[in-house]
Amino acid sequence: MSNYKRLVAYGSSPIDGTELPNKDRNLAFPSRIAQALNLEYDCRGKPLTSNTKITRMILSGSYTDQDFVF
């Protein structure tokens, strides 16, 4: 059994769900993973974000031991 309670996902449009036809974040693949694992989902994806910016966002984020950062 996992000790994780929340999936925190960073990335660009595919993580955010804006590339989906209805722009529904609940259908983005990290959200589906969180649903399948019964975890809370914290989407920190931003459309048109560079890898450098994503890295800075991850490193400056605040997390607990029960967060799985993706």
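The values are calculated or read from the model by the stated rules, or taken from the named source; none is laboratory data. Everything numeric here is computed off the predicted structure, so don't read it as measured data. Please note: Cβ atoms are built from the backbone with ideal geometry, for glycine as well, and neighbour counts cover all protein chains shown. Areas reflect the complete protein model, heavy atoms only, side chains present, ligands, DNA and RNA absent. Shrake-Rupley method; radii C 1.70, N 1.55, O 1.52, S 1.80 Å.
Before moving on, here are some points about what is shown:
- Less than 5 angstrom separates the built amide H of LYS23 from none of the residues sequence-distant by 5 or more or on a different chain.
- Average accessible surface for the range 10-64: 68 Å² per residue, computed with a 1.4 Å probe over protein heavy atoms with every protein chain in place.
- Extended-chain gain in nm, criterion 0.36 nm per residue less alpha-carbon gap, GLN66 and ASN3: 22.1 nm
- The string of couplings for the range 60-69 from the Karplus curve (6.51, -1.76, 1.60, θ = phi - 60°) is 9, x, 10, 9, 10, 5, 9, 9, 9, 9 Hz, one whole number per residue in order, with x for Gly and Pro.
- Packing rank of 7-17, 27-37, 47-57, where each peptide gets the mean count of other beta carbons within 10 Å, highest leading: 7-17, 27-37, 47-57
- Placed amide H near PHE70: partners under 5 Å, 5+ positions off or other chain: VAL8, ALA9, TYR10
- Couplings 3J(HN,Hα) for the range 43-55, derived from phi with the Karplus relation 6.51 cos²θ - 1.76 cosθ + 1.60 (θ = phi - 60°), are 7, 10, x, 10, x, 6, 9, 6, 4, 4, 5, 4, 4 Hz, where x marks Gly and Pro.
- Accessible-area composition of the chain, carbon plus sulfur, in percent [1.4 Å probe]: 53 percent
- A cut-off of 5 Å between modelled amide H atoms, ignoring neighbours fewer than 5 places along the same chain, links GLY45 with GLY11.
- The chain shape via C-alpha gyration tensor axes, a/c threshold 1.5: oblate
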